1. Using a 1.4 Å probe over the heavy atoms of the protein chains, calculate the carbon and sulfur portion of the accessible area of the chain as a whole percent.
2. Multiplying the sequence separation of Gln65 and Arg229 by 0.36 nm and subtracting their Cα-Cα distance, what value in nm do you get?
3. Any chance you could list P(r) for the chain, counting all Cα-Cα pairs in 20 angstrom bins from zero, rounded to whole %?
4. So what is the accessible area of the chain per residue, in Å², with the probe set to 1.4 Å?
5. How high is the relative contact order of the chain? Use alpha-carbon pairs under 8 Å, at least six apart in sequence, and give a whole percent.
6. Can you run phi through the Karplus equation (6.51, -1.76, 1.60; θ = phi - 60°) for the stretch 154-161 and list ³J(HN,Hα) in whole Hz, with x for Gly and Pro?
7. What order do Val38, Val101 take when sorted by accessible area (1.4 Å probe), most exposed first?
8. Which entries in the list Lys116/Lys286; Lys116/Lys270; Lys71/Lys280; Lys71/Lys286; Lys143/Lys280 go over 32 Å, if you measure between the two C-alpha atoms of each?
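The values are calculated or read from the model by the stated rules, or taken from the named source; none is laboratory data. The structure presented is a predicted model; accordingly, all values stated were derived computationally and were not measured. No Cβ is skipped: glycine too gets one built from the backbone with ideal geometry, and neighbour counts run over all protein chains shown. To get the accessible areas, we keep the full protein, side chains included, count just its heavy atoms, and leave off ligands, DNA and RNA. Shrake-Rupley method; radii C 1.70, N 1.55, O 1.52, S 1.80 Å.
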Amino acid sequence: MLVSRLCFALALILALILALPAVARAQTDYPSRPVRIVVGFGPGAAADLTARVLAQRLSQTMGQQFFVENKPGGGSTVAAEQVARGTRDGYTLFVGTVANVINAVLQPDLSFDFSKDFAPIAYTTSSPNILVAHPSVGVSNVKELIAFSKANPDKVFYGSSGVGTSPHLSGELFNMMAGTRMVHVPYSGSAQAVTDLIAGRTQVMFSPASTVLQYVASGQLKALASSERERASAAPDLPTVAESGLPGFDTSVWFGLVAPSGTPHEVIGKLSAAIGEALKNDEVTKSLHTAGLDIKGGTPEVVIAAGLRK
């Protein structure tokens, strides 16, 4: 019996030793098959635009297809949970956003811990929220919107990309600071919320610049203000909410690529370097800037400092 156990133990050790070169080779050869990037919002959302631009470039530079899968729901928590419980080999990645950090606070009973269950790869882009209104509302600035909302309590509906997202909390911060009672209507993504806003089903919305600037340019929506402390680079002539009567108002949306914790460091390092190079590419920067997104870039350490991990 003892001899049998010793033989089994030796065989197991030998198998592990033989497997080590294969594991190391798999990490060195990464990627050797297509890579999935999961986005917790619908097509056309700022997170989706960031993912698709980067996926196209990474497909060109890393020798394998990088493709985007949209899995909206729960302000990105549905997608985050799926990826957190998935494989830790670098073939399933996730676009983390400020919504994930917010939801970790608003929903402490989530089945995953965003700060522990994900490893940061790269800080990619950010976007101010643009406060827009349907032309039928008849307001041209923040002060007029406040007056209109106070005259119509609980009758002004604002859309967002989901509960716990930056557009949602921007609307609630506006309500709190302005003393208004606008009613929140959550959607699966900012693009879907904008569709209903253009149709007149809602009246106003805080939306990432990348989603609404084209509709402002076409006259389908009226831009009232941007949400960050400084004016948006994509709309420098648009005043901020803070300078429009609500001093101290400051919100934005940021995006970064993450992987499930336990993903090999070599794989994360390779992805981080590739994304860093992609964000310096002229075609990539043009596409992102045209979409109203500000390019960030940075190593996993920069992602941690930006807030993707506590």
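1. Carbon and sulfur atoms account for 58 percent of the accessible area of the chain.
2. Result for the pair: 55.2 nm of gain on full extension.
3. Bins of 20 Å from zero give 33, 49, 14, 4, 0 percent of pairs.
4. Dividing the accessible area of the chain by its residue count gives 45 Å².
5. Relative contact order of the chain: 26 percent.
6. Each residue's phi maps through the Karplus curve to give 6, 10, 9, 9, 10, x, 8, 7 Hz.
7. Reading off the accessible areas and sorting them downward yields Val101, Val38.
8. Over 32 Å Cα-Cα: Lys116/Lys286; Lys143/Lys280.
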